[in-house]
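Before any comments, here is the structure.
FYI, it's all coordinate maths here, none of it is from the lab. Not measured: the values here are computed from a predicted model. Counting neighbours? That spans all protein chains shown, and the Cβs are built from the backbone with ideal geometry, glycine included.
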Amino acid sequence: MTIRTRFAPSPTGYLHIGGVWAALFAWMYARRHGGQFILRIEDTDTKRTVPGALENLIASLRWFGLDWDEGPDVGGPYGPYIQTQRVDLYAQYANRLVAQGHAYKCFATPEELAEMRQELEAKGDRSGYDRRYRDMPQAEVEKLEREGRPYTIRFKMPLDGQTVVPDLLRGDVVFDNDQFTDYVIVKSNGLPTYHLAHVVDDHLMQISHITRGIEWLNTAPIHVRLFEAFGWEMPVLVHMPVILSPSGKGKLSKRDQAFDDGGERILVRADEFMAGGYLPAAVLNFLANVGWTFGDDQEKFTIEEAIARFDLADVSAVPTKLPYSKLDWLNGQYIQEMEPLALAAAVKPYLEREGYHIDVDQLALVMPALRVRLRRLTDAIDFLRFVFEDVPLVVMAEDLAHKKMPLPAAQAAYAQVLDFIVNVEPFDVETIAAGLRAIGEGATENNSPGPLLGSLRLAITRQRVSPPLFESIVVLGRQRTVQRLQEALALLNTVTANP
Ligand code: GLU
């Protein structure tokens, strides 16, 4: 059997991280078996469609590197892949069910339905519909149609007995049919509901495994019965477990944006991870650890390694949490493995977002030193602020001196450094490092360059924590380094001039 899985989101807003997770597993499974992964847009609930959501969804999935073999933008043999473009098809199949007696037209008006619901609820029946049009004689149906009365199409669920839903993670889940009513499969506006649309599509698109949220398990009996009525083979059903908030209170799927969970910042939308300075590979690694384990107690692995071991049958059915506390650590690991140039290119957009512009090659110079300190790409902003902003030097002259390099020695050393920076050629890390070390050694009795180098870091980067000094100087450039040194020297001189 060819493995064909799909991600079938509704374009109702941003891509939820739970959606990425479900998509990831479906995608991994298809990739593992050399099958196909399909993107299908379920937009028949048009009231919920949000403009721009489709583009956002596609961009987010692409950012993660989850590629699809068939979908709205790439086409494919079973298209179109947007449900509102397939409405005639659903109507055709709904009519077939009506003709075969599996479904019927229901002419209940909204008022009639409201009344019905009330009456049913009074009897403790929350199904909302009493099946009054189920057995209406054909002549009457035709009469109402001729009068132009709007109608929905409802599917006839069995009145008694049970329906078995085979779920890959849970085994057979058995439902009593008397808890169901006859659900609408085509609305009065002619659009299908999820029940009909996905059954038709999953069949026609030859989906082998339906991976979807657990919230669909309770209506899965309708889907089982629909497949049966059409005489189609049912794909394998995989209902993904619920993802809880990290605190264990409430569902993460109910959240639509980042929130604070007992002091921890919890991101929930794909674009929040993007904006937060995370690398897609790290986030995928993080997500693959949810409800599935790689094995060997290994937390960090590439997605290719995961694919080679992945099986949908190994996904856990129990509610699970996203291990947010691992995310920053994992992301930091991925950052450390990046080449300086690639890391600089990845950091650049975040700097630009702050209004900071810099050449990637320049930025790459500080990356070998910076990368061990970054957990998120956005962390680079604070480290590099000194390059972009001329922060005033707000220290005392004494702060630029040291026990081992008292004020007069510091003064002399700064004068030498200034002279050196003005003239040094080439203006590169090695030459600058050698020159400054030599001056620093001369500034202390025990020939230690430490006190001067520490002082210069403060004078030049104006930060106590910054990328290493020599790289910082190169990135800052000769002219601005000279300016900052002059300021520092002036400060040192002021003190000795007025003791
Ligand atoms: N459109 C449905 C949703 O977003 C998809 C469920 C499914 O995958 O079948 O929940």
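Please work out the FRET efficiency for the pair Gln463 and Phe294, using the Cβ-Cβ distance as r and a Förster radius of 45 Å; give the result to the nearest 0.05. In this case the efficiency is close to 0.70.
Find the percent of Cα-Cα distances in the range 1-123 that exceed 24 Å, and round it to a whole number. Don't skip to the answer; put the middle values down first.
Details: 3436 of 7503 pairs.
Above the 24 Å cut-off, the range 1-123 has 46 percent of its Cα pairs.
For the chain, the longest principal axis of the Cα atoms and the long axis of helix 110-122 meet at an angle of about 90 degrees. Applying both filters, DSSP loop and at most 13 other Cβ atoms within 10 Å, to the GluC sites (Glu not before Pro) of the range 177-282 gives Glu233.
Just need the relative contact order of the chain here, percent rounded to a whole number, with Cα pairs under 8 Å and 6+ apart.
Values: 748 pairs, mean separation 58.9, N = 499.
For the chain, the relative contact order is 12 percent.
A simple count of charges around Phe310, restricted to other residues whose Cβ falls under 12 Å of its Cβ and scoring Lys, Arg +1 and Asp, Glu -1, yields -1.
Rounded to the nearest whole Hz, the Karplus-based 3J(HN,Hα) values (6.51 cos²θ - 1.76 cosθ + 1.60, θ = phi - 60°) of the range 81-98 follow the sequence 9, 10, 4, 5, 8, 10, 4, 4, 4, 5, 4, 4, 6, 5, 5, 4, 5, 5, with x at glycine and proline. Looking at the range 302-437, the pairs of alpha carbons with a distance over 22 Å make up 62% of the total. Dividing the alpha-carbon radius of gyration of the range 86-163 by the rule-of-thumb value 2.2 N^0.38 Å gives 1.21.
Between Thr378, Leu341, Thr84, the Cα set farthest toward the positive side of the dipole of the chain (charges on each charged residue's Cβ, about the Cα centre) is that of Thr378. Taken about its Cα centre, the chain carries a charge dipole of about 400 debye when Lys and Arg each add +1 at the Cβ and Asp and Glu each add -1 at the Cβ.
Given R₀ = 60 Å, FRET efficiency for Asp314-Lys47 by Cβ-Cβ distance, to 0.05? Show your work: numbers first, answer last.
On the way: r = 38 Å, r/R0 = 0.64.
The pair Asp314/Lys47 has a calculated efficiency of 0.95.
Can you give me the Rg/Rh ratio for the range 264-326, using Cα atoms for both radii and the Kirkwood formula for Rh? Intermediate values should be presented prior to the final figure.
Values: Rg = 12.4 Å, Rh = 12.8 Å.
When Rh is taken as the Kirkwood radius, the ratio is 0.97.
Rounded to whole Å, give me the distance from the Cα center of the range 146-196 to that of the range 257-323. Centre-to-centre (Cα) distance: 34 Å.
A P(r) calculated from all alpha carbon pairs of the range 323-398, with 5 Å bins opening at zero, reads 3, 16, 25, 21, 14, 10, 7, 4, 1, 0 percent. Convex hull volume per residue, computed on the Cα atoms of the range 191-242, equals 74 Å³. Working from the Cα coordinates of the range 141-299, the gyration tensor eigenvalues give, after taking √(5λ), semi-axes of 38, 21, 16 Å in decreasing order. Could you compute the net charge surrounding Ala270? Neighbours are other residues with a C-beta less than 15 Å from the C-beta of Ala270; K and R count +1, D and E count -1. Charge balance near Ala270 sits at -1. Evaluated over the Cα positions of the range 215-298, the convex hull gives a direction-averaged projected area, one quarter of its surface, of 8.4 nm².
Values of log10 I(q)/I(0) for the range 349-499 across q = 0.09, 0.12, 0.19, 0.21 Å⁻¹ run -0.28, -0.50, -1.16, -1.35, by the Debye formula with one identical scatterer at each alpha carbon and no solvent. The stretch between Asn446 and Asn493 holds 14.5 nm of extra length on full extension. This uses 0.36 nm per residue minus the Cα-Cα distance. Using a cut-off of 26 Å between alpha-carbon atoms, which lysines can reach Lys249, once sequence neighbours fewer than 8 places away in the same chain are excluded? By straight Cα distance, Lys249 reaches Lys321, Lys326. From helices alone, the chain scores -14000 deg cm²/dmol at 222 nm; the rule is -39500 (n - 2.57) for each run of n ≥ 4 DSSP H residues, then divide by the residue total.
Shape verdict for the range 13-59, please, from the Cα gyration tensor: rounded (a/c under 1.5), prolate (a/b greater than b/c) or oblate. Note, shape of the range 13-59 comes out prolate. Taking the inverse of the mean 1/r over every pair of distinct Cα atoms in the range 230-349 gives a Kirkwood hydrodynamic radius of 16.3 Å. With the alpha-carbon atoms of the range 118-224 aligned to their principal axes, the span from lowest to highest coordinate is 48, 37, 21 Å, starting with the largest. The residues packed around Glu425, meaning those with a beta-carbon under 14 Å from its beta-carbon, carry a net charge of -2 if Lys and Arg are +1 and Asp and Glu are -1. In this structure, Glu304 and Val372 have a Cβ-Cβ separation that, at R0 = 35 Å, corresponds to a calculated FRET efficiency of about 0.90. Projected label points at Trp63 and Phe420, each 7 Å from Cα along the beta carbon direction, are separated by 4.4 nanometres.
Highest-first packing order for the peptide set 68-76, 385-393 is 68-76, 385-393, based on the mean count of other beta carbon atoms within 10 Å. Summarising the label geometry, the points placed 7 Å from Cα in the beta-carbon direction at Val360 and Gln92 lie 4.8 nm from one another.
Estimated at 0.36 nm per residue, the fully extended path between Met396 and Leu159 surpasses their Cα-Cα distance by 76.7 nm. Between the range 26-103 and the range 375-407, the C-alpha centres lie 54 angstrom from each other. Size of the range 59-98: Rg and Dmax of its alpha carbons, in Å, are 14.0, 44. Shape descriptor for the chain: Rg over Rh equals 1.18 (Cα atoms; Rh from the Kirkwood inverse mean 1/r).
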